[in-house]
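Scroll down for the structure; my scribbles are underneath it.
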Amino acid sequence: MKASIHVCEVLDLPKIHNRAGNITPIQGQIDIPFDIERVYYLYDVPSGETRGGHAHKNLHQLIVAASGSFDVVLDDGKEQKTISLNRPNFGLYVTPYIWRELENFSSGAVLLVLASMNYDEMDYIRDYQEFLTTTNEL
Ligand code: TYD
């Protein structure tokens, strides 16, 4: 089935609130539609810098602004949309075969990623023309 940016939604995550602060727990297959195998986070991104610029063949991800804010530009080869993340209790679900760019990082932003698989460079598509060819063949 062809990947679509419309499947990539912002999920409203649990938030346990009391006067001493908040907790957001994220459980695989309960709060998000995949098992979590890897966690990583981007931080100390210099002002004006962009990241991403690739798609994955099999990886599912949830992207959370654990601190600060940034924009995620999603592209399925036909359509694009930009999602701004700025709250730790919302996460953007990104499916395979979606090209993503990460931009407009605020100072001190922490981009937390929950991923369905361990790191595998073979799972990346890093060339945009190859991405377009591959998605059209799906
Ligand atoms: P990349 O996923 O391209 O980063 P971004 O999308 O944020 O621009 O990864 C950058 C480098 O870090 C690349 O050389 C691979 C390495 N890396 C790992 O070794 N393990 C990981 O889990 C991740 C996400 C990246």
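Values quoted throughout were computed directly from the atomic coordinates according to the rules given, and no laboratory measurement underlies them. Because the structure is predicted, anything quoted here is derived from the model rather than measured. Neighbour counts are summed over all protein chains in view; Cβ atoms, including those assigned to glycine, are modelled from backbone coordinates with ideal geometry.
For an R0 of 25 angstrom, estimate the FRET efficiency from the Cβ-Cβ distance between Asp123 and Val39 and round to the nearest 0.05. For Asp123 and Val39, the calculated efficiency is 0.90.
Between Arg19, Arg51, Arg126, the Gaussian network model of the chain with springs among Cα atoms under 10 angstrom shows the greatest mean-square fluctuation at Arg19. Remark: region 38-45, residue by residue, has Karplus-estimated 3J(HN,Hα) of 8, 10, 8, 9, 9, 7, 6, 6 Hz, where x stands for each Gly or Pro and the curve is 6.51 cos²θ - 1.76 cosθ + 1.60 at θ = phi - 60°.
Exposed loop sites, defined as chymotrypsin sites (Phe, Trp or Tyr not before Pro) outside DSSP H, G, I, E and B with at most 16 other Cβ atoms within 10 Å, are absent from the longest region of the chain, namely 44-118.
With the convex hull of the Cα atoms taken as the outline of region 13-120, the averaged projected area works out to 7.2 nm².
Derived scalar couplings between HN and Hα for region 14-27 equal x, 9, 9, 10, 8, 5, 8, x, 10, 10, 10, x, 10, 10 Hz in order, rounded to whole Hz, by the Karplus curve 6.51 cos²θ - 1.76 cosθ + 1.60 (θ = phi - 60°), x for Gly and Pro. In a Debye calculation with equal point scatterers on the alpha-carbon sites of region 94-138 and no solvent, what is log10 I(q)/I(0) at q = 0.20, 0.22, 0.24 Å⁻¹? Cα-only, vacuum Debye calculation for region 94-138: -0.87, -0.97, -1.05.
Based on DSSP H segments of at least four residues, each scored -39500 (n - 2.57), the chain has a per-residue ellipticity at 222 nm of -2000 deg cm²/dmol. Taking other C-beta atoms within 10 Å as the exposure proxy, His60, His17, His54 rank His17, His54, His60 from fewest upward. Within the shell defined by Cβ-Cβ distances under 14 Å, the residues around Val72 carry a net charge of -2, with Lys and Arg each +1 and Asp and Glu each -1. Report, to the nearest 10°, how far helix 128-137 tilts away from the longest principal axis of the Cα atoms in the chain, using its own Cα long axis and a range of 0 to 90°. It is inclined by approximately 70 degrees. Across the chain, the longest run free of exposed loop sites, meaning GluC sites (Glu not before Pro) lying outside DSSP classes H, G, I, E and B with no more than 16 other Cβ atoms within 10 Å, spans 80-138. Between Asn104 and Ser67, the distance separating the two model label sites (each 7 Å from Cα on the Cα→Cβ line) works out to 2.2 nm. From the largest down, region 60-120 spans 30, 27, 19 angstrom on the principal axes of its Cα atoms. For the chain, the Cβ-based charge dipole about the Cα centre amounts to some 480 debye (Lys, Arg positive; Asp, Glu negative; other atoms uncharged). When Arg87, Arg38 are arranged by Cβ crowding within 10 Å, least crowded first, meaning fewest neighbours, the order is Arg38, Arg87.
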